Structure formats: C-alpha cells, structure tokens
Amino acid sequence: MGCGSSSQSKQTNVSNIHVVPKEESSQWAEKKELPPAVVTVSAPSKPGQAVVVFVLGGPGVGKGTQCARIRDTFGFVHLSAGDLLREEQQNPESQYGKLIKENIEAGKIVPAEITIQLLRKAMEKHMTATVSRRHFLVDGFPRNQDNLEGWNRIVGDFADVRFCLFFSCSEQVMEQRLLKRAESSGRSDDNPETIKKRFKTYVESTVPVIKHFESIGRHHSIDASVSVDQVFTQVYDLFSKQFTQTTYAMIKPDAFASRDSIISEISKNGFTIAASKEFRFSKEQAEQFYGEHKGKSFYDGLISFMTSGSVVGLALRRTDAVVEWRRLAGPTNTQKAKEDAPNSMRARFGTDGTRNAVHGSDAVDSARRELTIVFPERPDLLKA
C-alpha cells in the first residue's frame, strides 16, 4: 500500500536502530521536417511496459562504447540494431539474411519491419527472463521516418520511449575512428567506400529523425568529440537526473523472519540498498505513517498489525526505483499476487491483503515523505 503526503499530519520520526552509514551507501550507487507525434511517448511508464531510450549518432561516433557503460552503470539492456541484423544475417535459417547483407554492404537501411521485429523479440526475451529487465538502450535506431512509423505500428504501447540520446561529432573525427576500427573489426562495412555511403545515408535519413525528437522535447545531445571518459561524464550526469530514484520499501512484521531472503531478492533485481533500519512502530508512529487511510474499514486492523512486531525499513535506489520495486513487490492482495505475479515478494511471503509481506511507496512524492519519516538523519536520500 502506498502512502500519499499529508501536510496536516504532525511529523513523527522512527527511532534509529540500524542505519547503513552514508559512506557505505555509495557501494550499493537544414533538413526536411518529420510529421509530429509519430512515436508513442507516455509518462510515467506502466509497470509492464518496456522503457526505451533511442541512441543515435553518426557512424563511428562511439554509440556502442557508451551504451556498454550505461548498461554496466545503470542496468539498462543494450540492444544494437546493427548487431541484431548482423546476427540475423549469419543465421542460415533466416529468410532475411541475404536481404540484410545486401543492404548493409550498400550502406543502406534495412526494411523497418525486419529491424523492429528483431528488436521487439529481443525486448520480450529479456522481460520474460527469470530476473526481468525492462530498461533498454536501442542503439542505432530509428534511422529514418519509415523506422519511426514502423515502431509505432509494431511496438506501440508495448514500450515507453523516454527520449533520443544523440551523440554529436564531426564527420572528420568519425571517419578517423571508423578507419582505425577497420584494422581489427572485421566488419564488411568498415571500408572507405561504404563509410562514405553510410555518412550520406545518415545525413539524409537520420538527421531529420534527430531533429524531430528535438522538436518534441525528447532529445538530449552529448558532445562525442572528446575522450571516452569525458563523453561518459556527460552521459552519467544525464542518466542520473533522468532515471535514478530512491524509493522506500518496508518488510512487514509477517515477513520479518524472512528478511534475509527478501533483501537477497532485492539485490538480485538491481537495487542498491542506500539505507537500512530495523525498528518497531509505536501506535502513534504507525498512525502517522498510514495517516491517509484513517477512516477506512481496514485502518484499525492495519495499525494493529503494523505495531505487532519488528519491521525493516529500506531506502532502495536504482533506475525507476518506484515502479520497479512495486513490480517486484507484486499486487497488494496476496492471492492475486500468487495468480498474476507468482515470483513477486507478496506471492512468496505474504498471507492476505494486509499481511502481504512488504510495503512500497506508490509515487516519488510519497517515497520522499516516507524516507523523511524513517530516515530523518539522511537528507541525502532525497537527492535521487
């Protein structure tokens, strides 16, 4: 159950039993215009949606290198449209292998339907894995208007496109990088003739796509002419502001004995535990925390339950932490959780609608309120 803010409530802080020290928390830390509204963008994303950042830039700009760093730092899945196409080209059973090969060697764009089906299939694979992952960098896509329109048609509401990440660099620098890469890459398109064709295709087809995202306010530009580390400093600042959140989670009295198992699952799912505290609610503290539910039929039972034993308060940090923790926690009712999300915390450790093992903030504002109540000595938790 999430808790909204209550400006009229008197603030009551939970007494400190154990807090992860602040120093330890970092270990867990002039071209044609496109028609408007060709990409479905929703905010905030729904728990079941894929979250996508399109990554664009000229050939040789360093998209792959930076995507690998974003993957390792922020937990995104890196999907390279080019790599997926090259893998499909090498698949002897693929009906598209020859067509893909011809387009790549000619420096042309592969038909949108092929690329998009490969991307969606890859996203679905990651989202249905044992440890589900739903944040994706789609590298080298969309490369033209046809790609954009095909994405909306084939992917639609399956994905929430947050923005286009554009790596900006001069053609001269990109060409030097490509020729250097050609010495060891073994790629058929890393040769002077094809490189010129790729630059031409990029300017004519992809630059208008980048300008489109800029026109709708879904565009972030990075100076990629500097060193790899300097580029990533810009990227890190951007992704920290755009995606990293801190949410409040709580292991309830009925699941306190299973706290080690629950915390282990939290860590496996990419959360950093920025602060931890074991405590027991007084009646006054529980009423403060759950004040928005006062007057509801379940309120008295909830207060009685939450004061019946020890709990664990957790400040959890990761990409889109609020939505991701609620997804891992599962539906509020334990029976529904067992039916709809059998691997969730409430399905595995809960009993019913109240004794449902864990609590999670329902929005960024309520997370800030709850973190302030439980961790008043840690104002730094509110910065992410």
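The values are calculated or read from the model by the stated rules, or taken from the named source; none is laboratory data. Note that the structure is a prediction, hence the values are computed from the model and not measured. Ideal geometry is used to build each Cβ from the backbone, glycine not excepted, and the neighbour counts take in all protein chains shown.
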Which number in (1) at negative phi; (2) out of contact with any Cys (no Cβ under 7 Å at 6 or more places or on another chain) marks the one condition that Glu370 misses? (2)
Enumerate the pairs (first residue in segment 201-212 and crowded, with 18+ Cβ neighbours inside 10 Å; second residue anywhere and of a type in the set (S, T, N, Q) and assigned to a helix (DSSP H, G or I)) with beta-carbon separation below 8 Å, excluding pairs fewer than 6 apart on the same chain, so at least 6 apart or on different chains. Ser205/Gln145; Val209/Gln145; Val209/Asn147
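Residue-wise test of (1) in a helix (DSSP H, G or I); (2) in the same structural domain as Val312 (by TED's automatic domain parsing); (3) within 27 Å of Asn147 (Cβ to Cβ).
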{"position": "Glu193", "(1), (2), (3)": "yes, no, yes"}
{"position": "Val203", "(1), (2), (3)": "yes, no, yes"}
{"position": "Val207", "(1), (2), (3)": "yes, no, yes"}
{"position": "Tyr236", "(1), (2), (3)": "yes, no, no"}
{"position": "Gly270", "(1), (2), (3)": "no, yes, no"}
Regarding Leu316, is this residue buried (at least 16 other Cβ atoms within 10 Å of the Cβ) and modelled with pLDDT of 95 or more? yes
Which one of the conditions (1) surrounded by fewer than 20 Cβ atoms within 10 Å (Cβ to Cβ); (2) in contact with a strand residue (DSSP E or B) (Cβ under 6 Å, 6 or more places away or on another chain); (3) of a type in the set (A, V, I, L, M) does Val311 fail to meet, given that it meets all the rest? (1)
Filtering segment 111-130 down to residues that are within 19 Å of Pro342 (Cα to Cα) and either of a type outside the set (Lys, Arg) or modelled with pLDDT under 90 (or both) yields Glu124, His126, Met127, Thr128, Ala129, Thr130
What is the residue count in segment 324-382 for residues that are assigned to a helix (DSSP H, G or I), crowded, with 20+ Cβ neighbours inside 10 Å and in contact with a Leu (Cβ under 8 Å, 6 or more places away or on another chain)? 4
Checking Val155, Val235, Val161 in turn, the sole residue that is touching a strand residue (DSSP E or B) at 6+ places or on another chain (Cβ under 7 Å), crowded, with 16+ Cβ neighbours inside 10 Å and farther than 30 Å from Thr372 by Cα turns out to be Val161
Do we find a residue being assigned by TED's automatic domain parsing to the domain that holds Gly353 and touching a Gly at 6+ places or on another chain (Cβ under 9 Å) anywhere in segment 299-306? no
Any residue in segment 268-297 that's hydroxyl-bearing (Ser, Thr, Tyr): show its pairings with residues that are buried (at least 20 other Cβ atoms within 10 Å of the Cβ) and part of a loop (DSSP other than H, G, I, E, B) at Cβ separation under 7 Å, as long as the two are six or more apart or on different chains. Tyr290/Cys3
Of all residues in segment 54-87, how many are surrounded by 23 or more Cβ atoms within 10 Å (Cβ to Cβ), aliphatic (A, V, I, L, M) and within 13 Å of the chain's Cα centre (by Cα)? 1
Right, Gly97: of a type outside the set (Val, Ile, Thr), surrounded by 20 or more Cβ atoms within 10 Å (Cβ to Cβ), at pLDDT 50 or above and under 30 Å from Lys125 (Cβ atoms) or not? no
